[in-house]
Amino acid sequence: MTSKLSLVWLNYKQNKVIYWMALPVVLYFLVFKYLPMYGAVIVFKEYTVGKGIWGSEWVGLQHFRDFFQSYYFWRVLKNTLILSFYQLLFGFPAPILLALLLNELRHEIFKRTVQTVSYIPHFISLVVICGMVVDFSARDGLFNSIITFFGGESSALLSDPGNFRTIYTASSIWQELGFSTIIYLAALSGINPELYDASMVDGASRLRRVWHITLPGIIPMIVILLILRIGGLMEIGFEKVILLYNPNVYDTADVISTFVYRKGISESAEFSYTTAVGLFQSLVNFILLIGANRLSKAVSDNKLF
């Protein structure tokens, strides 16, 4: 034990700066991620503020049963999965395609201009983004002006349950498309240029070079990000949904996170019930993450852990 401690101390003295740089991150996770786990015990209690966590009545799995048997269970589960699936189906490949296209550009000024313009929406506040989407979707907004120009009829687009998922997914892609390409462009920069030179000597077309050199070069990165995306399939941030939705579109827009927000804070203080719902969401995400990683490990050599 003494020898191990001495090795740790020696390592600390050699890398003191790195340890101090890591300290704020460690403290962040301890304070905001691990310590709050203590409060998760209220999912098994009928928590009241006056009695405290340990003084509240023990109810076991009652809150889980109430959620699974409620009318809202299938609605919020279906909406969460559909919105996540749309983002996975359309949002995940979009930055890959943009990175491939940018990688093929030879005009540096045009390439950098496209990159800069596509990055900008990521740095705009989400509140501003949603405000723009709401204004564009109004009866006299930009989207309806385009619709009426081509002979359609104007309508309150965000008040139609059938439009919410499309608007949510499209705006998310527009906001994050450019910034998400950075990691793929970084992966592309690691491909050996000699491979492209050799393929050009052999007479390979540009499409062939992309298919046989570029894509295989970034497949490991794509797989890792796909596993992480699948691991968060049940995780739809409530901020954007709340800023865009209204009671008219609850049937297609209400997701688990917004349901937890309404039941736990906005409409009523059902802390134990909503904590149980959130724990169920995290458990499903954990199972999906482990399953996706094992599936990737079984069918290929790429895995997250």
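The values are calculated or read from the model by the stated rules, or taken from the named source; none is laboratory data. These numbers come from a predicted model, not from an experiment. When we count neighbours, we look across all protein chains shown, and the Cβ atoms used for this are built from the backbone with ideal geometry, even at glycine. These area figures cover heavy atoms from the full protein model, side chains too; ligands, DNA and RNA do not enter into them. Shrake-Rupley method; radii C 1.70, N 1.55, O 1.52, S 1.80 Å.
In loop segments of region 15-56 as defined by DSSP, the trypsin sites (Lys or Arg not before Pro) with at most 13 further C-beta atoms inside 10 Å of their C-beta are Lys51. Contact order for the chain, expressed relative to its length and based on alpha carbon pairs under 8 Å spaced 6+ residues apart, stands at 24 percent. Past 30 Å, Cα to Cα: identify those pairs from Lys33/Lys263; Lys13/Lys303; Lys33/Lys297; Lys33/Lys303; Lys16/Lys297, in the order given. Table pairs above 30 Å Cα-Cα are Lys13/Lys303; Lys16/Lys297. Converting phi to 3J(HN,Hα) with the Karplus coefficients 6.51, -1.76 and 1.60 and the offset θ = phi - 60°, region 262-273 yields 5, 6, x, 10, 5, 9, 8, 9, 8, 5, 5, 4 Hz in sequence order, with x at every glycine or proline.
In region 198-267, the portion of solvent-accessible area held by carbon and sulfur atoms comes to 63 percent [1.4 Å probe, whole percent, DNA, RNA and ligands not counted]. Region 195-240 and region 131-169 have Cα centres separated by 33 Å.
Work out the length of the dipole vector of region 1-159 about its Cα centre, built from +1 on the beta-carbon of each Lys and Arg and -1 on the beta-carbon of each Asp and Glu, and round it to the nearest 20 debye. Could you put the intermediate results ahead of the total?
Details: 13 positive and 8 negative charges, 158 e Å.
The calculation lands at about 760 debye.
Computed over region 214-305, relative contact order equals 40 percent, with contacts defined as Cα pairs under 8 Å that lie 6+ residues apart.
State to the nearest 20 debye the size of the charge dipole of the chain about its Cα centre, where the only charges are +1 on K and R beta carbons and -1 on D and E beta carbons.
On the way: 24 positive and 20 negative charges, 198 e Å.
Magnitude of the dipole: close to 940 debye.
Counting other Cβ atoms within 10 Å of each Cβ, which chymotrypsin sites (Phe, Trp or Tyr not before Pro) in region 141-189 have at most 12 and sit in a DSSP loop? Answer in residue order: Phe150.
Cα convex hull, the chain: 240 Å³ per residue, rounded to a whole number. Summed over the residues of the chain and divided among them, the accessible surface reaches 62 Å² per residue at a probe radius of 1.4 Å.
When the accessible area of region 41-187 is split by element with a 1.4 Å probe, what percent falls to carbon and sulfur?
Values: 5760 of 8460 Å².
So the carbon and sulfur contribution to the accessible surface is 68 percent.
The 3J(HN,Hα) values that the Karplus relation (6.51, -1.76, 1.60; θ = phi - 60°) gives for region 292-305 are, in residue order, 5, 5, 5, 5, 4, 5, 6, 9, 8, 8, 9, 7, 8, 7 Hz. Gly and Pro appear as x.
Helix-only estimate, please: 222 nm mean residue ellipticity of the chain, summing -39500 (n - 2.57) across DSSP H runs of length 4 or more and dividing by its residues, to the nearest 500.
On the way: 17 runs with 204 residues, N = 305.
After summing the helix terms and dividing by the residues of the chain, the value is -21000 deg cm²/dmol.
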